[in-house]
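Shown next, in structure tokens, is the structure this report addresses.
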Amino acid sequence: MPVRFHPAAQRERAALDPSERAAVDNVIEKLRAIGLALGSPHSSAVRGGSKLRELRPRAGRSRTRVLYGRVGQAFVILAIGPEAMVDAQRFKRMVAGAGERLAAIVPDRTSPTQQAQSQRGRKER
């Protein structure tokens, strides 16, 4: 299956040190080759990230996570950053940002932030 990068995720990848970038590239290649069948320990669902999944470089031993979603017949790498145990707040922001990036690509999928704003708007009416 094709794998594409959101421009912001491409910048996040470029900012990684060479060793970590190689590990990220390796797990992305596994996603490309195996597709939907890629499972644990290389991939899992993201808690709090509707329809988001995470790639785990080095079979989960890496401190970096790659968040991705599916758009049509392709996977889109949406964000790259620290895993939750390393920096829980930054991971939470990364999940929210990835959801917003996915929603911008596929407008009918709203991010949790957009859903909350929509709910508040309905209550005010």
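The values are calculated or read from the model by the stated rules, or taken from the named source; none is laboratory data. Keep in mind it's a predicted model, so treat the numbers as computed, not measured. Cβ coordinates were reconstructed from backbone atoms using ideal geometry, including for glycine residues, and neighbour counts include every protein chain displayed.
Looking only at region 33-51, residues that are assigned to a loop (DSSP other than H, G, I, E, B) and among the β-branched types (Val, Ile, Thr) come to 1 in all. Which members of region 80-90 meet the condition of being out of contact with any Gly (no Cβ under 7 Å at 6 or more places or on another chain) and over 21 Å from Asp25 (Cβ atoms)? Of everything in region 80-90, those that are out of contact with any Gly (no Cβ under 7 Å at 6 or more places or on another chain) and over 21 Å from Asp25 (Cβ atoms) turn out to be Ala84, Met85, Asp87, Ala88, Gln89. Report yes if Ala84 is more than 18 Å from Pro2 (Cα to Cα) and either of a type in the set (Ser, Thr, Tyr) or touching a strand residue (DSSP E or B) at 6+ places or on another chain (Cβ under 9 Å) (or both), otherwise no. Considered against the rule, which asks whether it is more than 18 Å from Pro2 (Cα to Cα) and either of a type in the set (Ser, Thr, Tyr) or touching a strand residue (DSSP E or B) at 6+ places or on another chain (Cβ under 9 Å) (or both), Ala84 comes out as yes. Screening region 52-77 for residues that are outside any strand (DSSP E or B) and hydrophobic (A, V, I, L, M, F, W, C) and picking the one that is farthest from Arg90 (Cα to Cα) gives Ala59. Looking across region 52-96 at every residue that is touching a Ser or Thr at 6+ places or on another chain (Cβ under 8 Å) and in contact (Cβ under 8 Å) with a residue 40 or more places away in the chain, the one that is surrounded by the most Cβ atoms within 10 Å (Cβ to Cβ) is identified as Ile80. Looking at (1) closer than 16 Å to Ala98 by Cβ; (2) in contact with an Asp or Glu (Cβ under 8 Å, 6 or more places away or on another chain); (3) at pLDDT 95 or above, which is the only condition Pro57 fails? It is condition (1) that Pro57 fails.
Regarding region 105-122, can at least one residue be identified that is hydrophobic (A, V, I, L, M, F, W, C), closer than 19 Å to Phe5 by Cβ and modelled with pLDDT of 90 or more? No: zero hits.
Apart from one condition, Gly48 fits all of (1) out of contact with any strand residue (DSSP E or B) (no Cβ under 7 Å at 6 or more places or on another chain); (2) more than 17 Å from Ala22 (Cβ to Cβ); (3) modelled with pLDDT of 90 or more; the exception is (3). Take Leu16 and tell me if it is at pLDDT 95 or above, over 14 Å from the mean Cα position of the chain (by Cα) and not in a helix (DSSP H, G or I). Considered against the rule, which asks whether it is at pLDDT 95 or above, over 14 Å from the mean Cα position of the chain (by Cα) and not in a helix (DSSP H, G or I), Leu16 comes out as yes.
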